[in-house]
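Taking it in order: structure first as structure tokens, then the write-up.
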Amino acid sequence: MHRLEKFTTLLLCAGFSLSLMSCAAKPTATESSDITNVFEATTTVETGEPTTVTTETESSATSESTAETSETTAATTTAATTSEATTTTTETSASETSPSSASSETSATSTFSDEISAIYTKNPEEKKNYIIYNEAFGGTITESAMNKGFIGITIPSDGTNLYGNIPAEALEFTLFYDERQNLTLRDLQGRFLAATSTGDLILTDKPVEDNYQFWRLEKAEGGWHLINVGAAGNQALQYSSGTFSIKKVSNAKEFVFNFYEVG
């Protein structure tokens, strides 16, 4: 009986020890929560680094893309500015281009077109109609009197042809030669282009005395000199400051004329 009680006591002690060991091994609710928090914190830290790297990479890529876009926009703006500057320069150049001295020295201008109105003739022939043309200033004679002569008018030329409709006020002359090869110039109304003893240039319906209606052609650089036979001192047809008159001939370009045949 004494042994049985002792054995029972041992068994109870052994069971109690096992319970203590089980209690020590099992974490409390608080400890389990702490462990879970530690695990989640660790996971967050471990996964946070790549997340942060990814964010930095995306931010870097976005920054680079934004920079490239800014550069492209700047380049486009620069190109547009350059284009506008070029256009402005071209327009400025066009507006600053001045007309030729021929246009500025004449008092009237004809309308330009591509239509050929008269053709250059190296050696003018008798009984053909011509425009007497000053190449240097682009002018031909009209019947409008001014300053002891006649006003000129411009007609476009390329040195081979005259272009556009011949203005109604421009004079066409038919050439006639006498036995001395002196020349008379008669417009479409039969009037003679002649000089006077006082140095005027006129249109007259009938011949005048002392050969003032006769002209002599002399070769000049780039065309002809038209020397009046009756006037003393080599007086020749001249085109200057928009006016046709007669003055003492020289090698100046205002004394040089060509003949353009009218169809």
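Laboratory data are not the source of any read-out in this text; all were calculated from the coordinates shown. Everything numeric here is computed off the predicted structure, so don't read it as measured data. All Cβ positions, glycine included, derive from the backbone under ideal geometry; neighbour counts span all protein chains shown.
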* Student exercise, the stretch 137-255 dipole from Lys, Arg, Asp, Glu Cβ charges, in Debye to nearest 20 -> 240 debye
* Return the ratio Rg/(2.2 N^0.38 Å) for the stretch 119-162, where Rg is computed over Cα atoms only. => 1.27
* **Farthest positive-ward along the stretch 170-252 dipole, Cα basis, beta-carbon charges - from THR243, GLY222, ALA232** => GLY222
* Asked: To the nearest 20 debye, what is the magnitude of the charge dipole of the stretch 125-176 about its Cα centre, counting +1 on the Cβ of each Lys and Arg and -1 on the Cβ of each Asp and Glu?
  -> 120 debye
* Structure fact -> Checking rank on 236-244, 151-159, with mean other Cβ inside 10 Å and highest first, the result is 236-244, 151-159
* Neighbourhood net charge (14 Å Cβ-Cβ; Lys/Arg +1, Asp/Glu -1) for TYR133 -> -3
* Structure fact -> Note, ILE246: beta-carbon cut-off 10 Å, +1 each Lys/Arg, -1 each Asp/Glu, net +2
* the stretch 163-252: translational diffusion in µm²/s, Stokes-Einstein, Kirkwood Rh over Cα pairs, 10 °C, 1.306 mPa s -> 115 µm²/s
* Structure fact -> If each K or R counts +1 and each D or E counts -1, the residues other than GLY199 whose Cβ falls under 12 Å of its Cβ total +2
